[in-house]
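Engineer: Mind having a look at this structure? Questions to follow.
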Amino acid sequence: MTAQPLTSLTAGERILVGGDRFVMVPPALADAFGPGDRLVVVHDTGDLLHIPAAEGQIVAAAVSDATEAFAALAAVDDARITEFFDRFATLLADDAAFAPIAAANDADVDSARRRGRAIGRLVLDAKMRAGMIDGLRVWRDIRTRRSQQVGEVRHEGWSVAQWRDPLGVVGFVFEGRPNVFADATG
């Protein structure tokens with residue numbers, strides 16, 4: 001059996017969920033779905049998530065860019081990485097540098113409030129800012145442990161080594177939380 005590309009959906013078409021249930025494709029989804037689009041099935045709920053081709057291409061490009069950036073980061077020495085965390089924390093603590101971030105957050109909060117959205121996790125207050133700064137300083141002060149061998153199993157004629165390499169590509173869903181960017185860099 002060979003998988004075929006999904007290029008269209010038909011209203012009322014059955015989509016398997018969790019291996020033992022199905023949901024029906026709603027007309028609006030069938031009308032919107034086209035070649036290159038993706039359909040993600042949430043197996044716990046049966047929700048069908050439509051990812052238009054253009055958005056999929058944006059994500060693919062972002063992941064590709066992140067992977068290339070990670071490869072370049074391998075050439076950066078540990079002192080520069082420590083400097084990054086120090087500079088990030090210092091700039092976040094600087095009121096003048098922080099002002100545009102605060103203004104953007106205020107605009108996001110106002111927009112969410114006007115749309116009747118919950119704003120509790122969106123508000124970037126002094127406590128959250130201090131927590132972000134403290135977290136960045138923790139990462140600054142932790143000795144970088146890239147390319148560190150942490151174990152080895154030896155056998156006659158061969159061995160296997162276990163290495164730690166904590167720098168890599170991680171995807172984050174921001175969900176409107178301003179502290180996620182600082183979390184993501186740690």
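The values are calculated or read from the model by the stated rules, or taken from the named source; none is laboratory data. Everything numeric in this text was worked out from a predicted model, so none of it was measured. Counting neighbours? That spans all protein chains shown, and the Cβs are built from the backbone with ideal geometry, glycine included.
Engineer: What pairs come up if the first residue lies in segment 153-166 and is over 25 Å from Phe70 (Cα atoms) and among the polar types (S, T, N, Q), the second is surrounded by 10 or more Cβ atoms within 10 Å (Cβ to Cβ) and at pLDDT 90 or above, and their beta carbons are under 7 Å apart, counting only those six or more places apart or on different chains?
Structural biologist: Ser159/Glu152
Engineer: Would you point out which residue out of Ile133, Ile142 is modelled with pLDDT under 90, at negative phi, surrounded by 11 or more Cβ atoms within 10 Å (Cβ to Cβ) and not polar (S, T, N, Q)? Spell out how you get there, then give the answer.
Structural biologist: Values: Ile133 fails: modelled with pLDDT under 90.
Going through Ile133, Ile142 in turn, just one is modelled with pLDDT under 90, at negative phi, surrounded by 11 or more Cβ atoms within 10 Å (Cβ to Cβ) and not polar (S, T, N, Q): Ile142.
Engineer: Given the condition at pLDDT 90 or above and either assigned to a helix (DSSP H, G or I) or on the phi > 0 side of the Ramachandran plot (or both), answer yes or no: does some residue in segment 163-182 qualify?
Structural biologist: Checking segment 163-182: not a single residue is at pLDDT 90 or above and either assigned to a helix (DSSP H, G or I) or on the phi > 0 side of the Ramachandran plot (or both).
This table checks each residue for (1) surrounded by 10 or more Cβ atoms within 10 Å (Cβ to Cβ); (2) touching a helix residue (DSSP H, G or I) at 6+ places or on another chain (Cβ under 8 Å); (3) of a type in the set (Asp, Glu); (4) over 30 Å from Gly120 (Cβ atoms).
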position: Ala3; (1), (2), (3), (4): no, no, no, yes
position: Asp31; (1), (2), (3), (4): yes, no, yes, yes
position: Gly36; (1), (2), (3), (4): yes, yes, no, yes
position: Val42; (1), (2), (3), (4): yes, no, no, no
position: Ala89; (1), (2), (3), (4): yes, yes, no, no
position: Ala97; (1), (2), (3), (4): yes, yes, no, no
position: Val109; (1), (2), (3), (4): yes, no, no, no
